[in-house]
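Student: Sharing a structure, written as structure tokens. Questions coming.
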Amino acid sequence: MNNRGYTRRTILRTGVAAGGTLALPGLLSRRSYAQAETIRIGFVSPRTGPVAAFGASDDYVLKQVREVIGVGIEINGRTYPVEIITKDTQSNPNRAAEVVNQLMLEDQVDLMLASSTADTTNPVADQCELNEIPCISTDTPWDGHFFGRGGDPSTGFDWTYHFFWGASQLVNCYTSLWDQLPTNKKVGVLWSNDSDGVPLSNDTTGLPPLFAKNGYEVIDAGFHQPLSDDFSAQIAKLKAAEVDIVSGVFLPPDFTTFWIQAAQQGFRPKAATVAKALLFPSAVETLGSNGNGVSSEVWWSPDHPYTSGLTGINSADLARGYEAMSGQQWIQPTGYKHALLEVAIDVLKRSDNPKDKGAVRDAIRKTNYRSIVGPISWASGPVKNACQTPLVGGQWLAGSDGRFDLVICENSSAPEIAVQKAFAAL
């Protein structure tokens, strides 16, 4: 996909609400003096709305990075101050498109960063591609991001680059969990009718054909609208098919509703392993005792053996630091938010001129970096604009302290991440 015929001037200016701005220490008072050479980074993430949990650790991560950068970064013998301008998408794709336009047109950012579900990463990347702004994104399955934007593997995109795991990795970790149980290998799937659920439900590039390839029969209970309040029809279908496993894509409140109604209707599969909904301890806690044993993919954890190339912090200390600052349990997006900023700084340092957008884009393409979520490089695909990161599978178990802990139960595609416990039936 090539939109070089368009320029930044092709976007109509739209009125948008201002987002927060995080500047590095001392930069705001010097802005009039150093304005021409200040590097501006846009940072787009959901901080409010249904998926606000994905942005809960943003401030913590930004503080970590600010402290390391200090007064700026050195590039070709010059020290460039750095300003990070944050925008809240409010968990709304239309809002994401609005704030990215503001960052491009009003804030004149040199590099755009986006994270946390396709409702953010896809509209942000689309606008950046259209207007030739270098963009790095994460925290959306790479295939949902790439194909959800109409990506063609033979050509790819020019300005937008993404790192995260993909559908095949997700299925491999899910089935590696389920293979540890005696089941009838019938998996019932439900899909959130949104920018994450739709691409992952695709019968060609999504999860169903991969489940079948791994020996599982798929019983598709169809789409549900986000924030649905009645799953009776889907539960009846899954019970009639006698499925032993439930999977698919849910928003956290939707899975809570589904799982409570399933218990009320006497439906208790041997495994419930779903994407998106069970990433956060707060989501599992809402299930009460019914949360014990539900399972999910594990993108990042305190037990991942990776260290930041920027700050030198390891995964365990990054997680502990968040818990100390917030008073809350560690959350998976923390590692990826940190990695996103790590990669951004690495790219800018390697660019011949950080104020030249083409030079920044070229530096992205040449990335070969070891981050706190693992190695990041766009040189080896799986498509031109996507880099796969490690993924393992885990299970939420109730601890003696009353909280749920996410325990790693399979590492088939990332053996460097240690298994902590065998997978158990619900």
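Student: Examine the stretch 394-410 for a residue that is over 23 Å from GLY156 (Cα atoms), open to solvent by 60 Å² or more (accessible area, probe 1.4 Å), among the small types (Gly, Ala, Ser) and part of a helix (DSSP H, G or I), and state whether such a residue exists.
Tutor: No, that holds for no residue.
Student: Filter the stretch 245-287 down to the residues that are part of a strand (DSSP E or B) and either small (Gly, Ala, Ser) or over 19 Å from SER228 (Cα atoms) (or both) and list them by number. If you could, list the steps in order and put the result at the bottom.
Tutor: In the first step, residues of the stretch 245-287 are kept if they are part of a strand (DSSP E or B); the result is 245-249, 271-273, 275.
Within the stretch 245-287, ILE245, SER247, GLY248, ALA271, ALA272, THR273, ALA275 meet the criteria.
Here is a yes/no grid of residues against (1) modelled with pLDDT of 95 or more; (2) assigned to a helix (DSSP H, G or I); (3) within 20 Å of the chain's Cα centre (by Cα); (4) more than 16 Å from ILE133 (Cα to Cα):
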position	(1), (2), (3), (4)
THR311	no, no, no, yes
LEU318	yes, yes, yes, yes
TYR322	yes, yes, yes, yes
ALA339	yes, yes, yes, yes
LEU348	yes, yes, no, no
ASP352	no, no, no, yes
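Student: Here is a follow-up. Of everything in the stretch 260-274, what is open to solvent by 60 Å² or more (accessible area, probe 1.4 Å) and within 28 Å of the chain's Cα centre (by Cα)? Give them in sequence order.
Tutor: Answer for the stretch 260-274, where residues must be open to solvent by 60 Å² or more (accessible area, probe 1.4 Å) and within 28 Å of the chain's Cα centre (by Cα): ILE260, LYS270.
Student: While we're here: Out of the residues in the stretch 288-309 that are open to solvent by 20 Å² or more (accessible area, probe 1.4 Å) and part of a helix (DSSP H, G or I), which is nearest to ALA272 (Cα to Cα)?
Tutor: ASN290
Student: Ok, one more. Can you tell me which residues in the stretch 215-244 are in a helix (DSSP H, G or I) and either surrounded by 15 or more Cβ atoms within 10 Å (Cβ to Cβ) or among the aromatic types (Phe, Trp, Tyr) (or both)? Break it down stepwise before answering.
Tutor: Residues of the stretch 215-244 that are in a helix (DSSP H, G or I), as a first pass: 232-240.
If the condition is that a residue be in a helix (DSSP H, G or I) and either surrounded by 15 or more Cβ atoms within 10 Å (Cβ to Cβ) or among the aromatic types (Phe, Trp, Tyr) (or both), then GLN234, ILE235, LYS237, LEU238, LYS239 are the ones that fit.
Student: Now for a separate question. Hey, does the stretch 57-66 have a residue that's outside any strand (DSSP E or B), at pLDDT 95 or above and open to solvent by 40 Å² or more (accessible area, probe 1.4 Å)?
Tutor: Checked the stretch 57-66: at least one residue is outside any strand (DSSP E or B), at pLDDT 95 or above and open to solvent by 40 Å² or more (accessible area, probe 1.4 Å).
Student: Against the definition (touching a residue at least 60 places away in the same chain (Cβ under 8 Å) and closer than 24 Å to PRO50 by Cα), how does SER195 come out, yes or no?
Tutor: Answer is yes for this residue.
Student: Just checking, how many residues over the stretch 67-83 are touching a Ser or Thr at 6+ places or on another chain (Cβ under 8 Å), open to solvent by less than 40 Å² (accessible area, probe 1.4 Å) and of a type in the set (A, V, I, L, M)?
Tutor: Final tally of qualifying residues: 3.
Student: Just to be sure I understand the filter: pairs with C-beta atoms under 6 Å, separated by 6 or more residues or on different chains, first member in the stretch 75-89 and among the aliphatic types (A, V, I, L, M), second member open to solvent by 20 Å² or more (accessible area, probe 1.4 Å) and assigned to a strand (DSSP E or B). Which pairs pass?
Tutor: ILE84/LEU22; ILE85/THR21
Student: Going through the stretch 191-204 one residue at a time, which ones are under 18 Å from TRP165 (Cβ atoms), touching a strand residue (DSSP E or B) at 6+ places or on another chain (Cβ under 8 Å) and either surrounded by 23 or more Cβ atoms within 10 Å (Cβ to Cβ) or modelled with pLDDT of 95 or more (or both)?
Tutor: Hits for the stretch 191-204 are ASP196, GLY197, LEU200.
Student: Can you confirm whether the stretch 205-214 contains a residue that is open to solvent by 30 Å² or more (accessible area, probe 1.4 Å), without any contact (Cβ under 8 Å) to a residue 60 or more places away in the chain and among the aromatic types (Phe, Trp, Tyr)?
Tutor: No, every residue in the stretch 205-214 fails to be open to solvent by 30 Å² or more (accessible area, probe 1.4 Å), without any contact (Cβ under 8 Å) to a residue 60 or more places away in the chain and among the aromatic types (Phe, Trp, Tyr).
Student: Go through (1) surrounded by fewer than 23 Cβ atoms within 10 Å (Cβ to Cβ); (2) farther than 30 Å from ARG268 by Cβ; (3) out of contact with any strand residue (DSSP E or B) (no Cβ under 7 Å at 6 or more places or on another chain); (4) touching a residue at least 24 places away in the same chain (Cβ under 8 Å) for GLN329 and report which single condition fails.
Tutor: Answer for GLN329: the failing condition is (2).
Student: List pairs: first residue in the stretch 352-373 and closer than 24 Å to ALA414 by Cβ, second residue acidic (Asp, Glu) anywhere in the structure, Cβ distance under 6 angstrom, at least six positions apart or on different chains.
Tutor: That search, which allows pairs on different chains as well, returns TYR369/ASP346; SER371/GLU342.
The values are calculated or read from the model by the stated rules, or taken from the named source; none is laboratory data. This one's a predicted model, so the numbers in the text were calculated from it and none came from an experiment. With ideal geometry, Cβ positions are generated from the backbone for all residues, glycine too; neighbour counts draw on all protein chains shown. Heavy atoms of the whole protein, side chains included, go into the accessibility calculation; ligands, DNA and RNA do not. Shrake-Rupley method; radii C 1.70, N 1.55, O 1.52, S 1.80 Å.
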